[in-house]
Amino acid sequence: MILSIESSCDDSAISITEIKTKKLLFHKKISQELEHSVYGGVVPELAARLHAEALPKILEQVKEYFPKLKAVAVTATPGLAVTLVEGVTMAKAIAVALDIPLIGVNHLVGHIYSLFIEKETKFPLTCLLVSGGHTQVMEVKSLTDIQTVAKSMDDSFGESFDKVAKMMGLGYPGGPVIQELAKDGDRLKHNFTVPLHQSPLIAFSYSGLKNAVRLAVLEEEKNEHPNFKDIAASFEHIATKHLTMKLKKYFKTVKPTTFAIVGGASANLYLRGQIQDLLKPHNAELILSELKYCSDNAAMIGRVAVEMYEKKLFISLEDLDIAPRSLL
Ligand code: KG4
Ligand code: ZN
């Protein structure tokens with residue numbers, strides 16, 4: 001079995017995965033959303049302190065598996081430096097105490113493997129990662145052959161939902177609240193410009209849209225009873241249209257066969273529907289993670305760890321270091 005730890009942002013999670021069957025035997029996650037919500041975003045130092053409390057609590061529950069552990073895996077990149085350290089330090093301590101190898105996992109690869117928890121992998125695939133930290137398209141051929149073909153030049157898709165929610169005073173995380181608010185809104189009410197629509201670049205940008213939404217929010221606040229549902233709906237529509245327009249362009253040269261959406265924001269239903277429509281003329285299959293594994297978790301880290309264990313991709317105590325920025 002492998003014990004895996006995730007602490008790259010605001011979720012403390014530990015999983016136990018059986019190597020032979022790739023079965024998830026245990027998974028527990030303690031989210032810090034409530035604690036960060038008052039600040040409208042993740043406060044790194046607070047997140048680190050909360051991990052230091054939560055991780056040992058979860059670890060206590062998996063002690064019975066200790067004699068059967070063959071390796072310990074941990075998210076080492078990318079993420080917040082002060083929170084990655086919490087997981088990495090715990091993983092090193094376990095590796096020393098039980099004399100088992102260490103596996104350092106890339107969180108983005110983890111999101112890709114969230115598609116295959118308790119399942120066999122299905123490669124090649126084109127994968128759109130939309131999370132709080134990243135917006136990128138990757139061509140995935142195998143565990144070690146992942147090419148990023150497009151990424152955001154500034155904010156990420158999920159982050160833009162968080163910032164828009166913050167402008168409206170709706171707390172953190174913004175994705176689910178904006179999605180809910182947008183349901184009854186008019187998607188065409190605010191004619192926000194689609195980012196980079198005139199650019200030939202296949203890349204993403206959310207800072208301009210965020211600013212346009214900010215101005216609309218300020219305008220709406222002048223009303224006695226401000227109602228943000230039309231702004232939320234128009235924002236969600238344009239944020240998604242930006243992704244689908246760039247993907248449409250990309251599909252002109254690289255035809256999709258299997259397409260996946262992963263990451264916390266892949267839970268967005270409007271995005272799922274729009275991508276589904278985009279894939280129809282290509283007869284491409286859309287694959288998604290289970291909703292509970294879209295956002296950060298340790299089950300996906302465990303699933304990557306099993307693949308890395310089979311390939312003996314271990315790392316020494318001295319070499320395992322955190323890297324806030326991913327090379328992917
Ligand atoms: O993957 P994740 O849990 O953490 C990172 O690796 O960043 O993603 C969290 C992000 C947050 O920005 C959150 O607002 C966004 O995913 N998110 C959503 C939805 N649910 C979560 N964004 C849009 N629509 C949603 N339904
Ligand atoms: Zn993530």
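Could you say whether any residue in segment 16-23 is crowded, with 20+ Cβ neighbours inside 10 Å and within 18 Å of A76 (Cα to Cα)? Yes; the residues of segment 16-23 include at least one that is crowded, with 20+ Cβ neighbours inside 10 Å and within 18 Å of A76 (Cα to Cα).
Exactly one residue out of A260, A239 is at pLDDT 95 or above and in a strand (DSSP E or B), and it is A260.
Would you mind stating whether V74 is touching a residue at least 40 places away in the same chain (Cβ under 8 Å), open to solvent by less than 10 Å² (accessible area, probe 1.4 Å) and of a type in the set (V, I, T)? Explain how you work it out, then say what you get.
Values: touching a residue at least 40 places away in the same chain (Cβ under 8 Å): yes; open to solvent by less than 10 Å² (accessible area, probe 1.4 Å): yes; of a type in the set (V, I, T): yes.
The answer is yes for V74.
Regarding segment 49-69, can at least one residue be identified that is at pLDDT 95 or above and within 14 Å of ligand 2 (Cβ to nearest atom)? Within segment 49-69, none of the residues are at pLDDT 95 or above and within 14 Å of ligand 2 (Cβ to nearest atom). Quick check on segment 141-161: of everything there that is more than 16 Å from ligand 2 (Cβ to nearest atom), open to solvent by less than 50 Å² (accessible area, probe 1.4 Å) and hydrophobic (A, V, I, L, M, F, W, C), which residue is farthest from the chain's Cα centre (by Cα)? Among those that are more than 16 Å from ligand 2 (Cβ to nearest atom), open to solvent by less than 50 Å² (accessible area, probe 1.4 Å) and hydrophobic (A, V, I, L, M, F, W, C), it is L143. Could you list, in sequence order, the residues of segment 77-107 that are in contact with an Asp or Glu (Cβ under 7 Å, 6 or more places away or on another chain) and within 16 Å of ligand 2 (Cβ to nearest atom)? Correct list: G87 only. Among residues of segment 242-257 being in contact (Cβ under 8 Å) with a residue 60 or more places away in the chain and assigned to a helix (DSSP H, G or I), the one that is nearest to ligand 1 (Cβ to nearest atom) is L243.
Taking each residue of segment 292-317 that is open to solvent by less than 20 Å² (accessible area, probe 1.4 Å) and looking for partners that are among the acidic types (D, E) and assigned to a loop (DSSP other than H, G, I, E, B) with beta-carbon atoms closer than 9 Å, six or more apart or interchain, yields A299/E118; R303/E118; V306/E18. In the set (1) open to solvent by 20 Å² or more (accessible area, probe 1.4 Å); (2) farther than 24 Å from H107 by Cβ; (3) assigned to a helix (DSSP H, G or I), P226 fails one condition alone, (3).
So that you can scan it fast, the table gives a plain yes or no per residue for (1) within 15 Å of the chain's Cα centre (by Cα); (2) part of a helix (DSSP H, G or I); (3) of a type in the set (S, T, N, Q):
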site: A265; (1), (2), (3): yes, yes, no
site: G273; (1), (2), (3): no, yes, no
site: L278; (1), (2), (3): no, yes, no
site: L286; (1), (2), (3): no, no, no
site: K292; (1), (2), (3): yes, yes, no
site: N297; (1), (2), (3): yes, no, yes
site: G302; (1), (2), (3): no, yes, no
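The values are calculated or read from the model by the stated rules, or taken from the named source; none is laboratory data. Being a predicted model, the structure only gives us computed values, none of them experimental. Backbone-built Cβ (ideal geometry, glycine too); neighbour counts: all protein chains shown. Areas reflect the complete protein model, heavy atoms only, side chains present, ligands, DNA and RNA absent. Shrake-Rupley method; radii C 1.70, N 1.55, O 1.52, S 1.80 Å.
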